[in-house]
Amino acid sequence: MRSSRGRSPLRAAVTGAYLSLSVVAGLSLLAGVPARAQLPTVASINLCTDQLVLSVADPGQILSLSWLASDPEESMLAAEAARYPQNYGSAEEVIQVGADIILAGTLTSPFTRELLRRLGATVVEIEPETSLDDTYRNLLVVGAAIDRAAESGRLVARMRERADAIQARAPTPLRTAVIIRPGGFTIGRETLANDVLGLAGLQNDVAELDRWGSLSVEALLSARPEFVVITRYRMNDASLANAFFAHPALRRFSAQQKTLAIEARQVACGTPASLAAAEALLEQMAAL
Amino acid sequence: MSGGPVPRRYGLLGSCLALSLLVLVPLSLWIGRDGGGPHFGFGTSDILREIRVPRTLVGLFVGGTLGLCGAALQGLLRNPLAEPGILGVSSGAAFGAVVVYYFGFAASGSLLLGTGAVLGSLGALGLLYALAGRGIDLVRLILAGVGINALAAALTSLALNFAPSPYAALEILIWMFGTLENRSLAQLWLLLPLAVPGWMLVIAAARGLDALTLGEDVAGSLGFRVRRTLWLVIAGAALAVGATVAVCGVVAFVGLVVPHLLRPLVGYRPSCLLLPSFLAGAALTLAADIAIRLMPPGPELKLGVVTALIGAPFFLHMVLSSRQRTAE
């Protein structure tokens, strides 16, 4: 007696759950199309994935972006990013956003990624872009992850056309150039910046570096590249890195060379703005 | 060996420290942080179980380990300026972790990062053994530690030089500052199996440390195996400190400040200093981590930075007061 009394409310609850489930299922079958149109929501905790998701997502999908995304010195899409809530990459705040998908970089703290997974979040990790092809691939990966494959496909197709147009205008054969970053760093061959320069008809291998490192002034002076490309970053802030540009030897050198400039944030992460950097290089070369 | 009466204030000190932990632990579970700065409340059960509890426990055990190992090393070297970093254990562990990070293994899970750190601290220990030999010459031991520290720092810089991108270099640097941010139960399970045997080894050396206060020769002539004490403390500290670096990076100065503050309260007996240092190290680390979460909105400060900001002026004060003492 006791057991049956104990069981019947449970049974009623189970039956009720089945009923409500089937009602929900029936309703969503009837509703059909609107249920399909419910796009997954997304939060991003990395500057580069912030900009990828801003490029392909429906504005309604984005619940949170990293705080760097709305910094105009770091991000190409700062104004757009400023419309969304910010996060500082702590698992506690990101999990409370309740997004269906969390985008992180493969270099984002492994502890954060692991903790988010333990909390049951779907974390999509994106490799940093080291070429324009990487940029296309990442835009498609992000698009597929957030149900915006068609949009990201169209964006990538437009970008490829734009890149072809740039290449058609670029000088042949390649002209020699060197990238100088604040602090005397340069960027080597297997990088997005190198790819952008190549698209604009500039060959950047004075430093003979694979990735990034310090610029050897000796190599610079002996190679005498035709163009100096400066990547601007926080130029109005006083810093030792920017004081490097005031170095007399470098000033004398760049006074003799043709100087071009792009924004560091255009080539820090792969975005449509990376192509704008190549276009800016072409325009500046034409104006010289 | 009875070792004489336990100092009068020992019980009182222990109760005070335990009481402070009883206050700090619930506070640490209660204070969270998001983009808008600190917020108060225990949060959902998921947040409490997977974020706050692991962070609190990792903080407690990391701080406790550093306090305990600092006390044991100061007793062993009979030098109040000694701390786990001095033997190169922390920097060796940091280098091990950086190598794992640099070669990209870390992407497959942060447990590998931990394994690298523990291997690094064991490597530093092996080198220490080779350099200091089987002898018990403490000056040589400290010099070997300085050498290992320099080597590990150079190798870490080398790895940073070869980092695949500025972002990877930045991640490595940030990780080395030491932080409890976003640590989970996985890090706790990595920490405990290594740290607990480390504590045991260090505690097993307690009576030997008391004897060492009389000097190596006297301790030896009293029948103490001085070399056994030496290696118990070093192996224990390497294991336990290596594990802490593995889970939260280098947290500076806790091992220096805590034993030094407590020493007068326990009658200058190294064996009586061990447990209070564990409790006080845990309390200090937890308090620093709570302070970090109470800061105004913005990216979190790093725990290692905060403990260094507390510890460095303290260290300078110690140097000054030791000079005054010599002058007198």
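Just so it is clear, none of the values below were taken in a lab; they were calculated from the coordinates. In this text, all values refer to a predicted model and were calculated from it rather than measured experimentally. Cβ sites come from the backbone with ideal geometry, for glycine too, and all protein chains shown count toward neighbours.
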Here is a check on your reading of the model: is B:Val25 under 30 Å from B:Ala206 (Cβ atoms) and within 12 Å of chain A (Cβ to nearest Cβ)? no
Counting only residues in the range B:157-197 that are among the aromatic types (Phe, Trp, Tyr) and in contact (Cβ under 8 Å) with a residue 24 or more places away in the chain, the one farthest from the other protein chains (Cβ to nearest Cβ) is identified as B:Phe177
Pick from the range A:104-121, criterion within 16 Å of A:Leu52 (Cβ to Cβ) and outside any loop (DSSP other than H, G, I, E, B), ranking: farthest from the other protein chains (Cβ to nearest Cβ): A:Ala104
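So that you can scan it fast, the table gives a plain yes or no per residue for (1) within 11 Å of another protein chain (Cβ to nearest Cβ); (2) of a type in the set (A, V, I, L, M):
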{"site": "A:Pro85", "(1), (2)": "yes, no"}
{"site": "A:Ile102", "(1), (2)": "no, yes"}
{"site": "A:Glu125", "(1), (2)": "yes, no"}
{"site": "A:Glu129", "(1), (2)": "yes, no"}
{"site": "A:Asp134", "(1), (2)": "no, no"}
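Quick check on my filter: what residues within the range B:20-38 are free of Cβ contacts under 8 Å to residues at least 12 places away in the same chain and surrounded by 14 or more Cβ atoms within 10 Å (Cβ to Cβ)? Steps first, please.
Our first condition is that a residue be free of Cβ contacts under 8 Å to residues at least 12 places away in the same chain; within the range B:20-38, this holds for B:22-23, B:26, B:34.
The one that is free of Cβ contacts under 8 Å to residues at least 12 places away in the same chain and surrounded by 14 or more Cβ atoms within 10 Å (Cβ to Cβ): B:Asp34.
Mind telling me which of the residues A:Ala145, A:Ala121 ends up being free of Cβ contacts under 8 Å to residues at least 40 places away in the same chain and more than 21 Å from A:Gln266 (Cα to Cα)?
Numbers: A:Ala145 fails: free of Cβ contacts under 8 Å to residues at least 40 places away in the same chain.
None of the other options fit; the residue is A:Ala121.
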Listed by first then second residue, the pairs whose first member lies in the range B:39-60 and is more than 9 Å from every other protein chain (Cβ to nearest Cβ), whose partner is acidic (Asp, Glu) and crowded, with 17+ Cβ neighbours inside 10 Å, with beta carbons under 6 Å and at least 6 positions apart or on separate chains, are B:Gly59/B:Asp289
For the range B:41-86, what are the residues that are crowded, with 22+ Cβ neighbours inside 10 Å and outside any helix (DSSP H, G or I)? B:Ala82, B:Glu83
Being within 23 Å of B:Ala117 (Cβ to Cβ) and more than 14 Å from chain A (Cβ to nearest Cβ) is true for just one of B:Ala308, B:Ala291. Which residue is that? B:Ala308
Could you please find all residues in the range A:142-169 being surrounded by 18 or more Cβ atoms within 10 Å (Cβ to Cβ) and in a helix (DSSP H, G or I)? A:Val142, A:Gly143, A:Ala145, A:Ser152, A:Leu155, A:Val156, A:Met159, A:Ala163, A:Ile166
